[in-house]
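Structure first, then comments.
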Amino acid sequence: MGGMVQQQFAIRYLDSFEELQVVERLQHDIWPGIANDAVPASLLSVIAHNGGVVLGAFEGTRLVGFVFGFLGTDPHTPDRVAMARLKHCSHMLGVHPDYRSQGLGLALKLAQREAVVKQGVRLMTWTYDPLQSRNAHINVRRLGAVCRSYIRDAYGEMQDGLNQGLASDRFQVEWWLTSRRVQSRVERKRKPLDLANFLAAGAQKLNPAFLGDDNLLRPARALEAPSGNLALVEIPPELGRLKEADAGLARAWRQQTREIFEQAFEAGFLVTDFVYLKGETFPRSYYVLSHGEGTLG
């Protein structure tokens, strides 16, 4: 955990029903309109007492963030026995709106990694919206997760403020907890590559996006088929603002990127990095896709 987070917040296991009820209530503060999609304290209790991990972040006595997950099996090698395919399914992470942008989400994820490694589990998976640039930066670039799985409409029609009006497509990322790749990213052993590095290495832009007259980023007019081993896929830098300005344009981005990722994963590419260009007026966001990656772990 970062120094500021470590000093200000305490992260610990949750297992008492009273604390898990607070987690249930906190979900409604984080995702207004979550309604029936909130995970109840009764289920959280089952998870916490049966091999799952439920962690809470506290400022003093106030719960301000949480993360939880449970044991599952890796579906990519179904011929192996379940014990050999064991993984941790991280289902939900949330931080109270008043405590965002303080590194707390990252601290919770790192604490979850430590807890799962202590169990002897080496793989963690979770889902997130591939059009959410902030999550892509943390999950792929900062933590070193990779992705080769795209799930259409994973949670059906969602009614919370963040997801309403957009198909709930998701990446399912793989976080190989003890791999050199993840250790290097977590410990920041090397300087991250930027867009210029990838372009110099021959990375191909599969969806050359463009700014419209309204200064909104628009999907490519035509897609390019990958011709090498390194590709770039652009996404909107701020999906929430794009949805507010033009919901139809957000849906167009969902449709086009769905097509790109499904075809790329089918062809043997996987997401291995993410680049965010913090322009003062027009920031840009790109996934990096690699073909024939030697090992995920």
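The values are calculated or read from the model by the stated rules, or taken from the named source; none is laboratory data. The model shown is predicted, which means the values in this text are computed figures rather than measured ones. Positions of Cβ are backbone-derived with ideal geometry, glycine not excepted, and every protein chain shown enters the neighbour counts. Note: accessible area is taken over every heavy atom of the protein model, side chains too, but ligands, DNA and RNA are not part of it. Shrake-Rupley method; radii C 1.70, N 1.55, O 1.52, S 1.80 Å.
Quick look at the values:
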item: From Arg190, Arg221, residue being part of a loop (DSSP other than H, G, I, E, B), open to solvent by 60 Å² or more (accessible area, probe 1.4 Å) and under 30 Å from Arg122 (Cβ atoms); result: Arg190
item: Out of Gly268, Gly228, sole residue that is surrounded by fewer than 16 Cβ atoms within 10 Å (Cβ to Cβ), under 21 Å from Ile151 (Cβ atoms), touching a residue at least 12 places away in the same chain (Cβ under 8 Å) and not β-branched (Val, Ile, Thr); result: Gly268
item: Test for Arg251: is it in a helix (DSSP H, G or I), at pLDDT 95 or above, over 22 Å from Ala200 (Cβ atoms) and not β-branched (Val, Ile, Thr); result: yes
item: Lone qualifier among Leu86, Leu93, Leu71 - being open to solvent by 50 Å² or more (accessible area, probe 1.4 Å), closer than 30 Å to Pro237 by Cβ and either of a type in the set (A, V, I, L, M) or modelled with pLDDT of 95 or more (or both); result: Leu93
item: Where a residue in the range 23-37 is touching a residue at least 40 places away in the same chain (Cβ under 8 Å) and its partner, wherever it lies, is in a loop (DSSP other than H, G, I, E, B) and small (Gly, Ala, Ser), with Cβ under 6 Å and at least six apart; result: Gln27/Ala38; Pro32/Gly161; Gly33/Gly161
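Yes or no, residue by residue, for (1) among the aliphatic types (A, V, I, L, M); (2) under 24 Å from Ser184 (Cα atoms); (3) out of contact with any Ser or Thr (no Cβ under 8 Å at 6 or more places or on another chain):
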| position | (1), (2), (3) |
| --- | --- |
| Leu223 | yes, no, yes |
| Pro226 | no, no, yes |
| Leu230 | yes, yes, no |
| Glu259 | no, no, yes |
